[in-house]
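These notes are about the structure you will find just below.
Any read-out appearing in this document is the output of simple, stated calculations on the displayed coordinates, not a laboratory observation. Since this is a predicted model, take the numbers as computed values, not measurements. Cβ placement follows ideal geometry from the backbone for every residue including glycine, while neighbour counts extend to all protein chains displayed.
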Amino acid sequence: MKKMMLVGETRSGKSSIIQALSDELFTPRRAMAIQYCGQFINTPGEFLENSRFYHALITSSADCHVLAMIQDATRNYSLFPPLFASMFNRKVIGIVTKSEAPSANTARAELFLKSAGVKEIFHLDISAKEGIDSLKRMLK
Ligand SMILES: Nc1nc2c(ncn2[C@@H]2O[C@H](COP(=O)(O)OP(=O)(O)O)[C@@H](O)[C@H]2O)c(=O)[nH]1
Ligand SMILES: [Mg+2]
């Protein structure tokens, strides 16, 4: 199984993705530091919110095969700066979360990710388990 690191703002759905993908019991807590949970590396939202922490993301990404940039489809802004993905020497994917929410705009979320340099994008609806299987296949 490939190791995946998740980067995204607070409450974008990172812990929910780890919970849905992992067979181990994972109890979501607010990540205050880099968290290693089996094949997943969870990062605090603050590491994205403040560019002073980018170096910590870059260093930790050395431990993963795939870096996932998480974008909440209900947000009308993105914390990912242009070409953020190109900072990492790893395969980078985008994950659009909450795609089923009434206020979601998945096209807008995709645009945010694309301008941040993401080529491959997955769409997730955690409650309906939509998109989980294709993510699992990619991590095989
Ligand atoms: N509607 C909807 N809500 C979601 C989805 N994924 C996560 N959430 C909710 O978003 C909130 C934040 O999720 P969490 O995984 O804790 O985000 P984190 O802070 O990035 O770890 C929680 O209340 C989740 O239930 C989704 O696909 N659809
Ligand atoms: Mg979390």
Would you mind ranking 84, 53 so that the residue whose beta carbon has the fewest other beta carbons within 10 Å leads the list?
53, 84
Order of 12, 78, 22 - criterion: other Cβ atoms within 10 Å of each residue's Cβ, fewest first:
22, 78, 12
Taking amide H positions as placed in the peptide plane 1.01 Å from N, state which residues far from residue 10 in sequence (5 or more) or on other chains have amide H under 5 Å from it.
45
For each of 54, 36, 77, count neighbouring Cβ atoms within 10 Å of the residue's Cβ, then give the residues from fewest to most.
77, 36, 54
If amide H atoms are built 1.01 Å from N in the plane of the peptide, which residues on other chains or at least 5 residues away come under 5 Å of the amide H of residue 95?
69, 70, 71, 122
Could you check what % of the DSSP bridge pairs in the stretch 4-139 are antiparallel, to the nearest 5?
15
Pop a pseudo-label 7 angstrom from the Cα along the beta-carbon direction at both residue 58 and residue 11 and give the gap in nm to one decimal.
3.1
Report the charge-dipole magnitude of the chain in Debye, nearest 20, computed about the Cα centre from +1 at each Lys and Arg Cβ and -1 at each Asp and Glu Cβ.
220
For residue 130, the residues 5 or more places away or on another chain with a placed amide H closer than 5 Å to its own amide H are 125
Which percent of the Cα-Cα distances in the stretch 4-139 go past 23 Å?
24
Check: C-alpha center the stretch 1-63 vs C-alpha center the stretch 68-112, spacing in Å is 15
Can you compute 3J(HN,Hα) from phi for each residue in the stretch 49-62, using the Karplus curve 6.51 cos²θ - 1.76 cosθ + 1.60 with θ = phi - 60°, rounded to whole Hz and x for Gly and Pro?
5, 10, 5, 5, 9, 4, 4, 5, 5, 5, 4, 5, 5, 4
Whole-number percent relative contact order across the stretch 4-139, with pairs defined as alpha carbons under 8 Å at least 6 apart
24
